[in-house]
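Structure record follows, encoded as structure tokens.
The values are calculated or read from the model by the stated rules, or taken from the named source; none is laboratory data. What you see is a predicted model, and the numbers here were worked out from it, not measured in a lab. All Cβ positions, even for glycine, are placed from backbone atoms using ideal geometry, and neighbour counts span all protein chains on display. With ligands, DNA and RNA removed, areas are computed over all heavy atoms of the protein, side chains included. Shrake-Rupley method; radii C 1.70, N 1.55, O 1.52, S 1.80 Å.
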Amino acid sequence: MSYIEVNHITKSFKVAKKKSGLKEAFKSFFKRDYKIVEAVKDISFSIEKGEIVGYIGPNGAGKSTTIKILSGILTPNSGKCKVGKMTPWLDRKEYVRKIGVVFGQRSQLWWDIPAEDTFDLLKDIYDIPEERYLKTKEELVEKLNLKDIINVPVRQLSLGQRMRCEIAASLLHEPDILFLDEPTIGLDAISKQLVRDFIKRINKEKKTTIILTTHDMSDIDALAKRIILIGKGQVLYDGSLQKLKNNYANKKYIKVNTKDAINIKMKGVLKKVKEKDGYAFIIDSKQLNISDFLNVISKQVQIEDVEIDNENLDNMIVNLYEDLKI
Amino acid sequence: MKVYFKSLGLHLKSLLEYKASFITTFLSQILVFFSYYFTILALFTRFDNIKGFTLYEVLLCFGVIQFGFAFNESFARGIDRFDKLIIHGEFDRILLRPKNIILQAAGYDEDFAKVSRLLQAIIVIVIALVNLDIAWSPLKLITLLLMMVAAVIVFFSIFLLAASYCFITVQGLEVTNVFTDGGKHMAQYPIGIFKKGFVWFFTFIIPYAFVNYYPLLYFIGKINNPIYAFSPLLVFLYLIPCILIFYRGIKKYTGAGS
């Protein structure tokens, strides 16, 4: 029995049909047509204690809905979910003490006052004993480098600073599970790195189970060994990131800088594009060895420079979404 | 409760960041209030009484209802503006806290400018009491206090009902305003002066009559049956189904997108 067990969860919403135009808006004021949208259909997975799981999928796939069900905010129409011995939406009060949630697009900090005041309020909300609170706070302040920013009204903080405070606020009660819904959205490279390092660190030190949704594949690359891919409300892939990469990463991007014209017809060359100072190729490395390919070309033309890239994770996901038709 | 009062303190702290804005809204509330007040005064320059109720009896009624309404607007603003809480997704955050949902929602937003109305309502009640010839007794004092508390409870109940309605649809909230704002305007006068249908409605569907009519009759000595003094207690019973309906609504909650 795993730590988190999700079995056949389904959640549908009633959405009012909207038509454009003033006349239609007027009509719908009196009589609305509804349609049922299934945000999540029959989702099952399980997660072990201490895992970091990347939960990915395109917009509207049902990521946030799943997170909300798992964190006890929404009650699903059907299905079971056990975390430890608890069902999130039934044992809400007890359950939420064990979880922390960061919504990247929404703040839980009070806008006009320093973050530290919010922290103090959270201490009472979670009934954290004074001593433990001070200790945890000190630890978080040190690890997230918050010393100079928790006494400034939140509205004056930069997005990166605010996000660090948000994460600290979600961890004051030392939760067992941390849900991160797009934690690096809109952050600059340094802030992203800081947030990622910190997430790795608490996972290692405190054995916090982390469930992460993001559109930033470098987040996933840096943090999650396992991903769950969902689309149109269903689980499409659940397994290691490496395996997925192996399946999709056999496409290599090779850029050859040369002044001469290249004429090549080989099995395994998927794409050839003429560029300003040379050619760009996409090669299937299963069918065609890279060194063989370069060998042939170097005999033909004078090569000035070569650039070889694995197709990056973002492209891989686009291909994956296309293959799965989501 | 501790968390509620602490968040009240933080709201005050936030407010102090914008002092000038607070003072102007606080003062503008006085103007709004007195426009209501003068309507009643103007009415009584033409008529001595309305169906047997004198100016100060009506003012007492007005004061009590305004007190209950302003109290909720000041200290339970989050329930009053529950649609905003849902639309902006802040209700999600409330559900993530291991504390009572209704208290959290009430404390989520406070409007201290409305405290201005609260003070004015108390002033009006005092003016009415000074000018009324009340045969004071301990029971009369209890009646008055019960009326004021019941006024707070009745509006809280109705705000809760309106909030529950947000779980079904976040639009069309004007419907509920008919019962809160509209009801408030009617209840400023002793309900008995209206037609029977209204009296029935405001007794059994929304129990304003138990706040400002039946106990008022006892208080000003129109009726001597002490049962009337305790009629505001029925309003407390009214709160129970309102709370239950609210919790039913939460099960239907669908969130507001990502």
Would you compute, from DSSP H runs of 4+ residues alone, the mean residue ellipticity of chain B at 222 nm, taking -39500 (n - 2.57) per run and dividing by the full residue count, rounded to the nearest 500?
-21500 deg cm²/dmol
Filtered hits (aspartates and glutamates, Cα-Cα < 20 Å from A:K274, offset >= 8 within chain) -> A:D260, A:D284, A:E304, A:D305, A:E307, A:D309, A:E311
For the stretch B:2-252, what is the accessible area per residue in Å² when the probe is 1.4 Å?
46
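Kindly flag which residue pairs out of A:K41/A:K85; A:K23/B:K184; B:K84/B:K195; A:K63/A:K207; A:K85/B:K13; A:K85/A:K192 have an alpha-carbon separation exceeding 32 Å in this structure.
Values: A:K41/A:K85 24 Å; A:K23/B:K184 34 Å; B:K84/B:K195 36 Å; A:K63/A:K207 24 Å; A:K85/B:K13 41 Å; A:K85/A:K192 34 Å.
Beyond 32 Å between Cα atoms: A:K23/B:K184; B:K84/B:K195; A:K85/B:K13; A:K85/A:K192.
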A:D260's amide H: which non-local residues (gap 5+, or another chain) put their own amide H closer than 5 Å, with H modeled 1.01 Å from N in plane and none for Pro or chain starts?
A:Q302
Residues of the stretch A:105-125 that become at least 40 Å² less accessible with every protein chain present than in their own chain isolated, using 1.4 Å: which are they?
A:R106, A:Q108, A:W110, A:D112, A:I113, A:D117, A:L121, A:D124, A:I125
Once you list every other residue whose beta carbon is under 11 Å from the beta carbon of B:I168, what net charge do they have if Lys and Arg are +1 and Asp and Glu are -1?
+3
Tell me which residues come under 5 Å, amide H to amide H, from A:G231 once H is placed; ignore anything under 5 positions away on its chain.
A:L236
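Rounded to the nearest percent, how much of the accessible area of chain B (1.4 Å probe, protein heavy atoms only) is carbon and sulfur?
Values: 8290 of 11810 Å².
Result for chain B: 70 percent of the exposed heavy-atom area is carbon or sulfur.
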Got a number for carbon plus sulfur as a percent of chain A's accessible area, 1.4 Å probe?
49
List the equivalent ellipsoid semi-axes of the stretch A:1-142 in whole Å, largest first, each obtained as the square root of 5λ for an eigenvalue λ of the Cα gyration tensor.
35, 24, 14
For the protein assembly as shown, what are Rg and Dmax over the alpha carbons, in angstrom?
31.7, 115
Could you check the spin-label model distance between A:S46 and A:Q242? Points 7 Å from the Cα along Cα→Cβ, value in nm.
2.3
Would you tally the net charge around A:I210, using a Cβ to Cβ cut-off of less than 13 Å, leaving A:I210 out, and scoring K and R as +1, D and E as -1?
+3
If I histogram all Cα-Cα distances within the stretch A:250-310 using bins 10 Å wide from 0, what percent of pairs lands in each bin?
23, 63, 13
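Just to make sure I understand: if all protein chains stay in place, what is the order of A:M1, B:M147, A:M266 by accessible area at 1.4 Å, largest first?
On the way: A:M1 185, B:M147 0, A:M266 60 Å².
Accessible-area ranking of A:M1, B:M147, A:M266, largest first: A:M1, A:M266, B:M147.
Once Rh is set to the Kirkwood radius over Cα pairs, what Stokes-Einstein translational diffusion coefficient, in µm²/s, holds for the stretch A:79-141 at a temperature of 10 °C and a viscosity of 1.306 mPa s? Please list the in-between numbers first.
Values: Rh = 13.8 Å.
The diffusion coefficient I find is 115 µm²/s.
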Which Rg and Dmax, in Å, describe the Cα atoms of the stretch A:225-326?
16.5, 52
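Ratio of alpha-carbon Rg to the 2.2 N^0.38 Å globular estimate for the stretch B:60-162, to two decimals, please.
Working: Rg = 16.4 Å, N = 103, 2.2 N^0.38 = 12.8 Å.
This ratio for the stretch B:60-162 stands at 1.28.
What are the semi-axes of the equivalent ellipsoid for the stretch B:1-84, taken as the square roots of 5 times the Cα gyration tensor eigenvalues, largest first, in whole Å?
Details: eigenvalues 231, 54, 19 Å².
Working from the Cα gyration tensor, I get semi-axes of 34, 16, 10 Å.
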Amide H proximity to A:V40 below 5 Å, modelled H, separation 5+ or other chain, gives A:K11
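Dividing the convex hull volume of the Cα atoms of the stretch B:118-162 by its residue count, what figure in Å³ per residue is obtained? Write down the numbers at each step before the final one.
Values: hull volume 3.4 nm³, N = 45.
Normalising the Cα hull of the stretch B:118-162 by residue number yields 75 Å³.
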Counting protein heavy atoms only and a 1.4 angstrom probe, how many square angstrom of accessible surface do chains B and A bury in total, to the nearest 100?
3100
Semi-axes of the equivalent ellipsoid for the stretch B:137-258, Cα gyration tensor, largest first, Å:
31, 16, 10
Roughly speaking, what is the centre-to-centre gap between the stretch A:196-228 and the stretch A:50-128 when only Cα atoms are used, to the nearest Å?
16
Mean accessible area per residue over chain A (1.4 angstrom probe, all protein chains present, square angstrom) is 51
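Cα gyration tensor of the stretch A:52-104, axes a ≥ b ≥ c as square roots of the eigenvalues: rounded (a/c below 1.5), prolate (a/b > b/c) or oblate? Walk me through the numbers before you get to the answer.
Working: a/c = 1.95, a/b = 1.44, b/c = 1.35.
Verdict is prolate for the stretch A:52-104.
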Could you compute the FRET efficiency for B:T54 and A:L159, with r as their C-beta to C-beta distance and R0 at 56 Å, rounded to 0.05?
0.35
Using a Cα-Cα cut-off of under 16 Å, which lysines could be cross-linked to A:K272, ignoring same-chain neighbours fewer than 8 residues away?
A:K251, A:K252, A:K255, A:K259
For the stretch A:4-246 (alpha-carbon point model, no solvent) the Debye-based log₁₀ I(q)/I(0) at q = 0.16 Å⁻¹ works out to -1.17
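If you take every residue apart from B:Q66 with its C-beta less than 9 Å away from the C-beta of B:Q66, what net charge results, scoring Lys and Arg +1 and Asp and Glu -1?
Net charge around B:Q66: +2.
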Please quote Rg/Rh for chain B to two decimal places, taking the Kirkwood radius as Rh and restricting both calculations to Cα atoms.
0.99
